[in-house]
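Notes to accompany the following structure.
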């Protein structure tokens with residue numbers, strides 16, 4: 001009787017775990033945290049590699065990103081950035097990532113600092129920036 005009860009409990013916990021994985025993508029093997037992807041995006045921006053950065057932007061936000069690139073090319077120089085926080089929401093399918101960026105805008109040589117919160121969406125297993133601020 002104890003063996004049967006133990007088997008039922010193991011099966012029950014297994015179902016709970018598997019159903020949790022279906023709702024919690026951050027528990028799946030190979031999952032990359034949103035702050036890791038945001039770091040790659042901001043590193044690309046820092047080196048003005050806008051084509052690489054573009055790969056991390058949600059398709060619906062690409063026109064706004066392209067406008068940002070048009071305005072930034074030759075003007076924006078990112079000196080440094082820090083990702084200070086990432087909060088998961090929507091059962092793990094969205095994230096609010098807080099970033100501090102230190103930059104200059106030509107023709108000024110004065111460094112500025114922005115603290116921004118970006119919204120990232122998990123689409124088909126990939127984190128994508130959903131829109132401004134870029």
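Miscellaneous remarks
- Selection count where residues are surrounded by fewer than 17 Cβ atoms within 10 Å (Cβ to Cβ), farther than 14 Å from residue 101 by Cβ and touching a strand residue (DSSP E or B) at 6+ places or on another chain (Cβ under 8 Å), scope region 61-84: 1
- Residue match in region 86-102 (condition: closer than 16 Å to residue 54 by Cα, surrounded by 18 or more Cβ atoms within 10 Å (Cβ to Cβ) and in the same structural domain as residue 54 (by TED's automatic domain parsing)): no
- Inclusion of residue 103 among residues that are touching a residue at least 12 places away in the same chain (Cβ under 8 Å) and in contact with a helix residue (DSSP H, G or I) (Cβ under 8 Å, 6 or more places away or on another chain) is not warranted.
The values are calculated or read from the model by the stated rules, or taken from the named source; none is laboratory data. None of the values given here were measured: they were computed from a predicted structure. Note: ideal-geometry Cβ built from the backbone for every residue, glycine included; neighbour counts use all protein chains shown.
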